[in-house]
């Protein structure tokens, strides 16, 4: 399990219309490798609103359709939920994710 990997996860909420959602791991690697049971993830949606906190991804990253990582909607998920690996972000997309997270969390670079 690594930062920037995408996993298909059974919907953690009964309010979610889809049975599954794709998430990308955004936690730092030391936390992912630790004894802690959860990691921070960003959801992936098929919509893109051209916000600076969204990162476009596509088949190169393992998703079926052009999609968008939404960094304004971070969640903590149990590592045990992350079992259906679908792909990884490219180096360029990981750089874009880092920038989107800085903006979403209002961290001055």
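Overview of values
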read-out: Search result, residues across region 74-92 that are touching a helix residue (DSSP H, G or I) at 6+ places or on another chain (Cβ under 9 Å) and closer than 15 Å to residue 41 by Cβ; value: 74, 79, 86, 87, 88, 89
read-out: Hits in region 46-66 (condition: in a strand (DSSP E or B) and either touching a residue at least 60 places away in the same chain (Cβ under 8 Å) or farther than 10 Å from residue 24 by Cβ (or both)); value: 54, 56
read-out: Cross-chain or 6+ apart pairs with Cβ under 7 Å, region 67-85 first and over 10 Å from residue 38 (Cβ atoms), then assigned to a helix (DSSP H, G or I) and at pLDDT 95 or above; value: 69/97; 71/100; 71/101; 71/104; 72/104
read-out: When residues of region 25-37 are limited to those that are touching a helix residue (DSSP H, G or I) at 6+ places or on another chain (Cβ under 7 Å) and closer than 20 Å to residue 88 by Cβ, the one surrounded by the most Cβ atoms within 10 Å (Cβ to Cβ); value: 25
read-out: Counted residues, region 93-109 - those being in a loop (DSSP other than H, G, I, E, B) and out of contact with any helix residue (DSSP H, G or I) (no Cβ under 7 Å at 6 or more places or on another chain); value: 4
read-out: Any chance residue 104 is over 12 Å from the mean Cα position of the chain (by Cα), surrounded by 15 or more Cβ atoms within 10 Å (Cβ to Cβ) and modelled with pLDDT of 95 or more; value: yes
read-out: Condition check for residue 9: modelled with pLDDT of 95 or more and in contact with a strand residue (DSSP E or B) (Cβ under 6 Å, 6 or more places away or on another chain); value: no
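The values are calculated or read from the model by the stated rules, or taken from the named source; none is laboratory data. Computed from a predicted structure; not experimentally measured. Reconstructed Cβ throughout: ideal geometry from the backbone, glycine too, with neighbour counts over all protein chains shown.
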